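I have placed the structure first, in the form of structure tokens, so that the comments after it can refer back to it.
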Amino acid sequence: MKIKLLSLLVLLTSLLSGQTLRKDKNYYVSAIGFWNVENLYDTLNDPKKIDEEFLPGGTKTWTGSRYWTKINHLSKVIADMATDATPEGLSILGLCEIENKNCLEDLVNDPQLKARGYQTILVEGPDARGVDPGLIYNPKHFKVTKVVTYGIILPYDTAHKTRDQLVVSGSYFGEPLTIIVNHWPSRSGGELKSRPGRIVAAKMARHIADSVTSLDPKNKVIILGDLNDDPINESVKTHIKTYGDINDPKKDHYFNPMEALYKKGIGTLAWQDSWNLFDQTLLNKPLLPDGYKTFEFYKAFVYNKPYVKSDFGNFKGYTFRTYSGEEYTGGYSDHFAVYILLVKEKN
């Protein structure tokens, strides 16, 4: 197994409440994350997509220079995520707001990431703006066996085309794993009015997950993505069926490690001095700690280091965005990335 050992010192100084690792054992550690990268468009017009604002002559004056700056910035973050725990960094990263597979290829071929040999997955969907969920993965860690997508029909606007859900299954260090990458309908028009769309998306994600585990109850499933809802909202709590206290598991529910972070005031995006935690990773029972004989959940993080935060004006401390309205600010994204550590005892 070609994965580095997490420093015992790091393990013992960052224990999650209720989680203990034996001092006389060593552990393999891997990381899986998600990031809404905020409109990763190329500079070419696609007549099938509403991408005109992200063209050199568009309202955002999206030039080649700005595109490659964005690629460089995103790569910097991805290259750094989780490396304090495992030198090989992320094994898998789900993403959203990607225009096409070429953008993903440019991302993984950036000099900061190229040596990892990440592979890319993106299936073009019906979204009118042309952005889709995608996945990058280290093929040394994750062997992909199946890729499918599922569409969402909004009950309040059946003609509207929203993002598909991307489902990737395979073998993760020899263990069955399915990742469901989500970007649920936005809150445009108001949270209440748009809520039914996110409920439909939640039901779809849970249906997909249940279909996977009905075939193999030991299959590990992670529902991750930008849910456009917080961990305590109806779509997540009631329709995915989640709980936030790992010491109080609920039958037939998914553990949401982001709920505890949210209740501490930690978020992935801010609006009017209030933080939301829309970017989440939901885990089924086979991923929960049970002796760490397989890769099991250890800890969750929001990647919010100082350099990905704005340091000026009214938005100081917020996410350092690429644009503020129509003004180019040259940042990273309007969301912070998230990731989890999975731990397995070394024999």
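The values are calculated or read from the model by the stated rules, or taken from the named source; none is laboratory data. Note that the structure is predicted; figures quoted are calculated from it, not measured. Cβ: placed from backbone, ideal geometry, glycine included. Neighbour counts: every protein chain shown.
A few comments on the model shown:
- Here GLY330 clears all of (1) on the phi < 0 side of the Ramachandran plot; (2) touching a residue at least 60 places away in the same chain (Cβ under 8 Å) except the condition numbered (1).
- Pairs linking a residue in the range 90-110 that is surrounded by fewer than 20 Cβ atoms within 10 Å (Cβ to Cβ) to a residue that is assigned to a loop (DSSP other than H, G, I, E, B) and at pLDDT below 95, with Cβ atoms under 9 Å and 6 or more positions apart or on different chains, do not occur.
- Subset tally (residues that are surrounded by 17 or more Cβ atoms within 10 Å (Cβ to Cβ) and β-branched (Val, Ile, Thr)) for the range 49-87: 4
- The range 131-172, subset out of contact with any strand residue (DSSP E or B) (no Cβ under 7 Å at 6 or more places or on another chain) and modelled with pLDDT of 95 or more, residue nearest to GLY94 (Cα to Cα): ASN138
- Out of ILE152, ILE199, ILE208, ILE180, sole residue that is under 25 Å from ASP252 (Cα atoms), touching a His at 6+ places or on another chain (Cβ under 7 Å) and either surrounded by 14 or more Cβ atoms within 10 Å (Cβ to Cβ) or in contact (Cβ under 8 Å) with a residue 40 or more places away in the chain (or both): ILE199
- Residues located in the range 295-316, provided they are modelled with pLDDT of 95 or more, surrounded by fewer than 17 Cβ atoms within 10 Å (Cβ to Cβ) and part of a loop (DSSP other than H, G, I, E, B): ASN304, LYS305
- Residue within the range 251-272 that is in a loop (DSSP other than H, G, I, E, B), without any contact (Cβ under 8 Å) to a residue 24 or more places away in the chain and touching a Phe, Trp or Tyr at 6+ places or on another chain (Cβ under 9 Å) present: yes
- In the set PRO139, PRO196, PRO176, only one residue is over 27 Å from PHE54 (Cα atoms) and assigned to a loop (DSSP other than H, G, I, E, B); that residue is PRO139.
- Verdict on THR213 being hydroxyl-bearing (Ser, Thr, Tyr), modelled with pLDDT of 95 or more and more than 29 Å from LYS309 (Cβ to Cβ): yes
- Single unsatisfied condition, LEU107 versus (1) assigned to a helix (DSSP H, G or I); (2) in contact with a Gly (Cβ under 6 Å, 6 or more places away or on another chain): (2)
- Positions within the range 74-104 being among the small types (Gly, Ala, Ser), under 29 Å from GLU52 (Cβ atoms) and either in a helix (DSSP H, G or I) or out of contact with any Leu (no Cβ under 9 Å at 6 or more places or on another chain) (or both), in sequence order: SER75
- Selected residue [farther than 19 Å from SER333 by Cα and of a type outside the set (Ser, Thr, Tyr)] from ALA31, ALA79: ALA31
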